[in-house]
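Below is one structure, written out as structure tokens, with a few remarks after it.
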Amino acid sequence: MIKTRFTEMFGVEHPIAQGGMQWVGTAELVSAVANAGALGFLTALTQPTPEALAKEIARCRTMTDKPFGVNLTILPTINPPPYAEYRAAIIESGVKAVETAGYKPEEHVTEFRKHGIKVIHKCTAVRHALSAERMGVDAISIDGFECAGHPGEDDIPGLILIPAAADKIKIPMLASGGFADGRGLVAALALGADGVNMGTRFCATKEAPLHDNFKQAMVANDERATDLIFRSFRNTARVARNAISQQVVELERGGAKFEDVSHLVKGTRGREGLDTGDTDMGIWSAGMVQGLIHDVPSVKELIERVIHEAEEIMYRRLANLRVVSKAAE
Ligand code: NAD
């Protein structure tokens, strides 16, 4: 058992979260994460309407009696969603944890907290983490440049970003971006975090609701198999390298505007690929951590493995280092 401020605050067994992932954060995955003792988040905007989100939360409750949360991401979208209505659906559902991500979450944070909901804000810069802390969020998830999805524009990898944030943030903090195993968890704890958030690693599990071709692609891919798109629009996204991501990078190099690539990158197109198994259909999020993914376990097997490996490292390998160096003298 590894107890941290994160496990205490959110009432979960393990210091591991599965944060919001567009198209992937559904009841199948989130309930499996909850049942395995970690904290999963349904992705609000994966549901087409706030009513559908309320139904998905209810469906998740039939699949687990453990705590789980909902992610609300506020980033540029082709069709801006009714955020306040999604927020109301979350509040009315009685969910006790929310992960916010993206720009200007203040109005949402204030409302969630007013209703006794704990908020963990995911961000990619120390200054944003500090401003979220001032805003009154309960915890931070700090996301290094390695991550899938939106790493921000500062390009600071986790090895620097996590301790830099830990030096300044007083509230509990998760480390995110690049985590897949017990080595990462121990490293995150050593760098000052209270646990890890994993995204891509959870996509390559039996319960993740995406076609097996994507899971096998993540196993086959190494750490170089990502592209950074939308750099020129200051909305950088790290996605798995494929025919579409390469095309977008090329178009941006030629000075394309978002309107010139929107037909290639729209979420609905990517989702069609996830359902049919065509990994070149659209863009799909995946991090550099693909280089550490070698199998497709169940969520329970994955979480037990991460914790077991972390405990072995902390209580055996690291604890014995002093003895080893004495013997070498
Ligand atoms: P979408 O179809 O509206 O847009 C596709 C992509 O284009 C997204 O990455 C979006 O940020 C970007 N985009 C849209 N309009 C833009 C503009 N004017 N300038 C620059 N970039 C623009 O998005 P979607 O796939 O339906 O996803 C819905 C929301 O969820 C988006 O905000 C997206 O960024 C976000 N998202 C979240 C996660 C997560 O893990 N929570 C993962 C992927 C995407």
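Quick one: Thr276 ticks every box in (1) in contact with a Gly (Cβ under 8 Å, 6 or more places away or on another chain); (2) more than 15 Å from Gly149 (Cβ to Cβ); (3) of a type in the set (Ser, Thr, Tyr) except a single one, so which number is it?
So Thr276 meets the others, but not (1).
Would you mind listing the helices (runs of 4 or more DSSP H) fully within the range 223-303 where at least 2 residues are of a type in the set (S, T, N, Q)?
Ranges flagged: 243-253, 267-276.
Can you tell me how many residues within the range 99-112 are in contact with a Gly (Cβ under 8 Å, 6 or more places away or on another chain) and under 22 Å from Gly25 (Cβ atoms)?
3
Of the conditions (1) within 21 Å of Thr46 (Cα to Cα); (2) in contact (Cβ under 8 Å) with a residue 12 or more places away in the chain; (3) within 16 Å of the ligand (Cβ to nearest atom), Pro80 satisfies every one except a single condition; which number is it?
Of the numbered conditions (1) within 21 Å of Thr46 (Cα to Cα); (2) in contact (Cβ under 8 Å) with a residue 12 or more places away in the chain; (3) within 16 Å of the ligand (Cβ to nearest atom), the odd one out for Pro80 is (2).
With Ala132, Ala180, Ala88, Ala84 as the choices, which residue is surrounded by 18 or more Cβ atoms within 10 Å (Cβ to Cβ) and outside any loop (DSSP other than H, G, I, E, B)?
None of the other options fit; the residue is Ala132.
Quick one: in the range 83-124, of everything that is closer than 28 Å to Asp155 by Cβ and in contact (Cβ under 8 Å) with a residue 60 or more places away in the chain, which residue is farthest from the ligand (Cβ to nearest atom)?
Per the stated criteria, the residue is Ile120.
Table: residues versus (1) outside any loop (DSSP other than H, G, I, E, B); (2) charged (D, E, K, R); (3) within 14 Å of the ligand (Cβ to nearest atom); (4) within 13 Å of the chain's Cα centre (by Cα).
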{"residue": "Phe6", "(1), (2), (3), (4)": "yes, no, no, no"}
{"residue": "Val12", "(1), (2), (3), (4)": "no, no, no, no"}
{"residue": "Gln22", "(1), (2), (3), (4)": "no, no, yes, yes"}
{"residue": "Gly25", "(1), (2), (3), (4)": "no, no, yes, yes"}
{"residue": "Phe41", "(1), (2), (3), (4)": "yes, no, yes, yes"}
{"residue": "Lys55", "(1), (2), (3), (4)": "yes, yes, no, no"}
{"residue": "Ala58", "(1), (2), (3), (4)": "yes, no, no, no"}
{"residue": "Thr62", "(1), (2), (3), (4)": "yes, no, no, no"}
{"residue": "Asn71", "(1), (2), (3), (4)": "yes, no, yes, yes"}
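Only residues that are in contact with an Asp or Glu (Cβ under 9 Å, 6 or more places away or on another chain), of a type in the set (A, V, I, L, M) and part of a helix (DSSP H, G or I): list them for the range 195-219, please.
Val219, the sole residue that qualifies.
Every number here is computed from the coordinates shown, using simple stated rules; none is lab data. What you see is a predicted model, and the numbers here were worked out from it, not measured in a lab. Cβ atoms come from the backbone with ideal geometry, glycine included; neighbour counts cover every protein chain shown.
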